[in-house]
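The block underneath contains the structure these notes are about, expressed in structure tokens.
The values are calculated or read from the model by the stated rules, or taken from the named source; none is laboratory data. Predicted model only: the values in this text are computed from it and were never measured. Counting neighbours? That spans all protein chains shown, and the Cβs are built from the backbone with ideal geometry, glycine included.
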Amino acid sequence: MFSCDVKMWSLQNLLFIICIALICVISTAAVIHVSGYEGRDVNVSCSYGEGYESYEKYLCRNDCGNSDVLVKTTEAKKNKYSIYDDKKRRVFTTTLSDLSSVDAGKYWCGVTRTGKDTYTEVRLEVEPDSCCDRSTNIQSYEGGSVSISCSYESEDQNNLKYICRGKQPSTCLQQALITSDNTQNAQFRLTDDKESRKFTVNITSLTQEDSGSYLCGVHRNTGLDVFSAAELEVKDPSHPAVFIVPAVLLLILIFALVMYKYKCYKVQGGGVNMNRNRTKAADAEEAMGGADIYENPEAATCSKKRSSRQQSTCHQNDDTGGDQQDSIYQNLVPTEDIYSTLFYSKGDK
């Protein structure tokens, strides 16, 4: 009786342990993460256990019903899906061609067997084949050199770094100009400063053909590589465009100086003209005043009401001769006589 109870207890514990083990295996089953670019191909590789080499394998979506099966090893290719079974490695690989955003989502790798099939979950991400939202603008001149600096995360310190031309991440690694495994290549040289988490690519002997877009790439074993973008412009040092800014600034400066001198000259010239105008006006006024006096008959002869000194002066002038006196008075009239004439003219009134 006792031994039977012990056997029953041992059997229950064994079944419990088996159940726990199965639950743990199912819960810890790895999800395969795959990423690809729009318009490109992506491979989904799924492994299987020993003894299933001759079994049918397939890739499906949703509930994996008959209509959900995309391709299987018994037909090798269907639409844009193709499948290959490497029985030695016990891995079958499905290739999805010409990816689009609608291809992103959940898939299942299935193995057909008696009873319930076995499945492995696959998560596919599809990204645009372009980079990036922002880029670093760099300028240099023909014959010179330039450095392109690229930052990366601390988790990527030991990963492969590289640089390529263009804006397509999907082909960047295959078309890399230089990598951290080969740090010197013709006019390119790559240095990796892991402390500052930055690698720098130096380009020498620049030509205008080196102008264009560049991608700095960091390779990751899982998921897509990460990138940063740079735009390089190589200028011709003899091109007129190089001197257009200094020339414009020089013209502006010259124009400003000319305008300044013109304004100064105008102000000074205006003052001189005003003085000249005032002098001319005074001369004209004096001439007009003198003409009026000479035209006045009273200015030609001495007034009866003059003082004795003025009368004496008249008699002296009479003695010198009438013609000479008239000539003198026509050419020159003393200031005193003018004022005397004005004074006695007012007296007569």
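Remarks
- Against the list (1) closer than 18 Å to Y37 by Cβ; (2) assigned to a loop (DSSP other than H, G, I, E, B), the condition N159 fails is (1).
- Qualifying residues in region 73-92 (those that are assigned to a strand (DSSP E or B) and in contact (Cβ under 8 Å) with a residue 40 or more places away in the chain) - the one surrounded by the fewest Cβ atoms within 10 Å (Cβ to Cβ): V91
- Among the candidates S205, S149, S170, the residue that is in contact with an Asp or Glu (Cβ under 6 Å, 6 or more places away or on another chain) and either outside any strand (DSSP E or B) or among the polar types (S, T, N, Q) (or both) is uniquely S170.
- Any hit, region 93-100, residues being part of a loop (DSSP other than H, G, I, E, B) and over 46 Å from the mean Cα position of the chain (by Cα): no
- Residue check, R134 under 27 Å from the mean Cα position of the chain (by Cα), of a type outside the set (D, E) and modelled with pLDDT under 95: yes
- Test: L215 is touching a Gly at 6+ places or on another chain (Cβ under 8 Å), more than 29 Å from Y37 (Cβ to Cβ) and aliphatic (A, V, I, L, M): no
- Residues (acidic (D, E) and under 11 Å from G110 (Cα atoms)) located in region 41-75: E56
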